[in-house]
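Read-outs: derived from the displayed coordinates by stated rules, not from any lab. The structure presented is a predicted model; accordingly, all values stated were derived computationally and were not measured. When we count neighbours, we look across all protein chains shown, and the Cβ atoms used for this are built from the backbone with ideal geometry, even at glycine.
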Amino acid sequence: MGDIVYLRIIGEKQGDISSGCGTYASVGNRWQVGHEDEIFAFALTNAITSTGKGVNLQGLQFCKPH
């Protein structure tokens, strides 16, 4: 069984995108003290591939509960 991943997303222009995502009002009885401004994710994946001249960073993907 995996652990829950807590993400905090801060945009350069938007600011704190994940603000309030983990509050009781947002997720009900799933909220956790200290994680009120974070997003719950069940899976987090990313990849790095070699190009022969360096690395290519692939997109970050996460799966969150419904």
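A few remarks follow.
- Förster-model FRET efficiency, 35 Å R0, Gln14 and Thr51, C-beta, rounded to 0.05: 0.70
- Interchain or long-range residues, amide H under 5 Å from Ile17's placed H: Ile9, Ile10, Gly11
- Karplus 3J(HN,Hα) series, Hz, for the range 48-53 with 6.51 cos²θ - 1.76 cosθ + 1.60 (x for Gly, Pro): 10, 10, 8, 9, x, 10
- The 3J(HN,Hα) values that the Karplus relation (6.51, -1.76, 1.60; θ = phi - 60°) gives for the range 28-44 are, in residue order, x, 6, 8, 5, 10, 4, x, 10, 5, 10, 10, 9, 7, 9, 8, 8, 9 Hz. Gly and Pro appear as x.
- Alpha-carbon Rg with Dmax, taken over the range 5-63, Å: 15.1, 49
- Sequentially through the range 15-24, phi angles give Karplus couplings (6.51, -1.76, 1.60; θ = phi - 60°) of x, 6, 5, 8, 4, x, 5, x, 7, 4 Hz, Gly and Pro residues having no value and appearing as x.
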